[in-house]
Structures are given as structure tokens and as C-alpha cells.
1. Among all residue pairs at least 6 apart or on different chains, which show Cβ distances below 7 Å where the first residue, located in the range 61-72, is within 21 Å of Thr342 (Cα to Cα) and the second is crowded, with 21+ Cβ neighbours inside 10 Å and among the small types (Gly, Ala, Ser)?
2. Does Val283 count as in the same structural domain as Leu434 (by TED's automatic domain parsing) and hydrophobic (A, V, I, L, M, F, W, C)?
3. Taking the range 13-42 as the region of interest, how many residues are part of a loop (DSSP other than H, G, I, E, B), touching a residue at least 60 places away in the same chain (Cβ under 8 Å) and of a type outside the set (D, E, K, R)?
4. Just for the range 4-23: of the residues that are hydroxyl-bearing (Ser, Thr, Tyr) and either at pLDDT below 95 or near the ligand (Cβ under 10 Å from one of its atoms) (or both), which one is nearest to Ile252 (Cα to Cα)?
5. From Ile35, Ile45, grab the single residue that is within 14 Å of the ligand (Cβ to nearest atom), at pLDDT 95 or above and over 22 Å from the mean Cα position of the chain (by Cα).
6. Report, by residue number, each residue of the range 423-454 that is within 13 Å of the ligand (Cβ to nearest atom) and part of a loop (DSSP other than H, G, I, E, B).
7. Between residues in the range 344-361 that are within 14 Å of Leu223 (Cα to Cα) and residues that are hydroxyl-bearing (Ser, Thr, Tyr), which pairs lie under 6 Å by C-beta distance while being six or more apart or on different chains?
8. Mind listing whichever residues of the range 162-180 are out of contact with any Gly (no Cβ under 9 Å at 6 or more places or on another chain) and either more than 13 Å from Met407 (Cα to Cα) or not assigned by TED's automatic domain parsing to the domain that holds Gly196 (or both)?
Amino acid sequence: MEKRKRTVIIGGGITGLTAAYYLKEEQPNMDITLIELNDRLGGKIDSLKKDGFTIERGPDSFLERKSDAKELVEDLGLEDELVRNATGQAFILSHDRLHPIPKGSKMGIPLAWKPFMKSTLFTWNGKLAALKDVIKGQSKVSDDQSVGQFFRRRLGNQVVDRLIHPLISGIYAGNIDQLSLQATFPNFLDVEQKHGGLIKGLRKLSKTDENASAKNQGMFLTLKQGLQYLVNQLEEELKEQEILLNSRVTHIDKKNDQYIVHIDHHEDPIEADYLVMTTPHAVTEKIFSQYDFMHDFSQIKSTSVANVALAFEQDAIDNLPNGTGFVVSRKENYRITACTWTHKKWPHTTPEGHVLIRVYVGKPGDEEVIEKSDEEIESLVLKDLQTIMEINKPPLFKVVSRWENSMPQYTVGHMNRLKVLEDKMNQHLPNVFLAGASYRGVGLPDCMKQAKSVVQQIKSKEHN
Ligand code: FAD
């Protein structure tokens, strides 16, 4: 009888779990081992229940439009658990004032004239610079360019610094003048090239878009019991598979057609026919440090952020603006970068009569803020919040979550570098696959999509 093959998945975050789940479904005759460093699965997904509040220490939701996350939830039969964000006005904090994000803008790109022209966030010069996009025509396409370069050319510096940069930083926590357009928002370049302008193109497309924004409903989904519930359900589905917790993979050797996976303090290494590496790239680099080309990973830098969830009684806060939260304009003196009024955006997370606020710190150049004590972070966050709301009682409790080197930066040339590296891996490390936040998208759906793609690649190798 032919020996069963084994896939070893390293890292039990959402990418590793998704890969394990779909591999089990698609290749029932394959053995699967999932190895995780921590004593729990989920990686950056980490929901905490406290005094009736549901607090997400990491991601809090996913974009519905990127269908892989919703599909996974449905494949697990959890669609009744889905909840959509409440919509409401979002703001930009600039010069101690909250300015409404102009209605009808998409990732800060103004698509509706009236609200944009009325906006208090920009000067007339700033507005005119942005509107010139309409008459500029498409740009010459280079190999890759930074997100900042692209948007500054199209819409001018003011709209970029005051609106687009803070919105994009909410996803990538980085400097948009270094981020690769190709790796993060290739669709905006496509639109510009196809329609001869960004505003023109996006307006045309939004007319044909019958989806969420047209219905004025939220674009994000989460699970009522917290995203950890998705992790727990995946763990339940994988209970017949081998899952090793508290297990650090230290290095991997290649032996003929197989790989030998060494785990700290485990006497017996594990043999694998296929390897799915979902660890952060810096860890993957170390695991394969005997291969010189793997050191190319060091070109991918990661930034650090922290967030603090603050729970209050309702009467502790006066004049909380009517909306769902704000991001902070760049080049200003605040330490906070974004704030969500979680009880409004996600009412299911907060008991009646209470307020839950989640605030981020750690913009580029201010990353050492995450090394401060919980109390210091709380106090600098409250100081910034006091500029726009009256907080007259201390929070009931706070939860500070630090995420060191957690946000991989896809800088200009990322996709090319990744291709070169994967070509070398194909040559020297066949049947080893990379997936996860370090490579082709940081959002949960992007991670799941990469995991599914690896499963398909393993499947096609098995069927050849
Ligand atoms: P990880 O979750 O990092 O998993 C990797 C796993 O590998 C970890 O569990 C780790 O312990 C394990 N590991 C490390 N070293 C070893 C080793 N040597 N041996 C074995 N295991 C090892 N995305 C969204 O879509 N929506 C959001 O709202 C959102 N918010 C975010 C907020 C924050 C604060 C952060 C940090 C990210 C957010 N993201 C969000 C992005 C998203 O959460 C991540 O990109 C995604 O969860 C990464 O999943 P992953 O499985 O690729 O990596």
C-alpha cells in the first residue's frame, strides 16, 4: 500500500488554520500536522470577553467584498453568527477638530463634488489640486511606484496627507511614500489607466456598483461572539488532525524528497512531503537560514502598533460626536492614529449603558510608544481624546494590546522581490509554500485566499 503523504503547516494563525481546513476537505487521504508556537491558535486573532464586553485585541472584522472570509464562514456553517458594522459618519482629527470625511469618497478619493467642496478639512488650494485629477489623463506606467507618489501626483499633497494617508495607515500602519502600489492597491492604477483618471474611473464604476455602498450598508463583517469563535470552530473541525501547541519550529532540513522539521524540546523531528510556511517572514527566514537566498526576506520590514480598549459608563463621556470613529491627520502632534467608537460601530460588543472605545498608537517614527507601560499609554491616549470629547470619569477598565513587528511593509518592488524568492524556493525547496500576511495581502480575506491557493497547488501536484 502506498504510504500516506504528510503536509506540515507551520503557524496556527488564520492562514495556517485555513490551509489545514481546506486541505483536510480536499485531500482526505493526506496526513496534516499543524505546529504552533503559542499555547493557543489564532495568531493575531485574539478576542477577549470581559464584564459583558467583547474586545478584539487584534483584527475586529473583515471586508465582505473580498469574498474568501465570508466563504470560509459559510463553509463552516456559521453564517448565522455574522454581524455587519453599523454605518455612521467617520471623521478626521485635524487641528483639534473632527472633520467629517466627505460623503461619497472612496479611500479618501473624492467622488461626490458637493460634500468635497464643502469639507472643512481642506483649503481651496487643496481642493483644486485634487480636482485636477479629472483633466490630467493617465500617467506613464513604471514598473512599480509608491502609493504616495501615485496619489500625490493625481490628487495633490493635501488630500493625501490629511485624508488618504491616515486611512491607508489604518490598514498597513506604514509610510505610504514607501508602500508599493502594485502590492497594495493595484486596482487604483488599473482604473486610472483604463479610464484616464482616478475620479472619472471610480465614478463610472460606482454607478454600476449595486453593492453595499449603494445600499448604504456596512462593508465589514464580524462574528457575534468575536473572531476567536471562527478560530475555535476551525480547531473543532481539525480535531482529527495533529495539532502541536507550545511548539517552536527551529529549523528545517531537506532530505531527498522530504523535509525534516525540528521543534524545540521535541526529540523526534517530523517528516513532511509538503510544507506550508505561514509564520511571519522573519521567522521563516530563520527556520531556513542555511539557504542564502532566504535572507532576501530581511528586505521586508515590519512596523509595530498598539491599541487600547477603554470601557466606560455612558455618563462618563460628554459630547461624544455622532459617528463611528476617526483617523488622525498626518503631520500633526497627536500620539493616537485612529479611534473607533466600538459600541456604535459594533453595538453587540458592549452592554447597555456603556461605551467602548478602541484607540491605536504607533505611527511611523513613534513606534517606541508601544514600549511604554499600560498606564503611560492610557494617559497619552486620554490626553489626545480630551481634545475632542469630555471624559469626566476614568474608564472602568482598559486592555492594552501590543503588536510588535506585526505589520509587514510591502515597499516598492515587493511583488518582484517575492517572485524572485519564490522562483529560488521552487528550485531549491520544492513543495515548500509561503502564505500569510507577509506576502500577498494583510487582510484576513487575503490571508485565507493565499491559504486556499496553496491547497490548490498541493492538490494539483498530487494529481499529476
Ligand atoms: P499570524 O496570525 O501572525 O500567525 C502566525 C502564527 O505563527 C502565529 O500564531 C505565531 O505564534 C506562529 N509562529 C511564529 N513563530 C513560530 C515558530 N517558530 N514555530 C511555530 N509557530 C510559529 N485584518 C483584517 O482583515 N481586519 C482587521 O480588522 C485587521 N486588524 C488588525 C489589527 C492588528 C492590531 C493587526 C496586527 C492586524 C490586523 N489585521 C486585520 C491583519 C490580520 O489580522 C493579519 O494579517 C492576519 O491575522 C495574519 O494571519 P497569519 O496567519 O498570516 O499570521
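1. Taking only residues 6 or more apart or on different chains, the pairs are Phe62/Ala69.
2. So Val283 passes the test.
3. The number of residues fulfilling the criteria is 5.
4. Thr15
5. Ile35
6. Ala435, Gly436, Ala437, Ser438, Tyr439, Arg440, Gly441, Val442, Gly443
7. Partner pairs satisfying both residue conditions: Lys345/Thr324; Thr349/Thr54; Thr349/Thr342.
8. Listed by number, the list is empty, since nothing qualifies.
The values are calculated or read from the model by the stated rules, or taken from the named source; none is laboratory data. Everything numeric here is computed off the predicted structure, so don't read it as measured data. We place every Cβ from the backbone using ideal geometry, glycine too, and count neighbours over all the protein chains shown.
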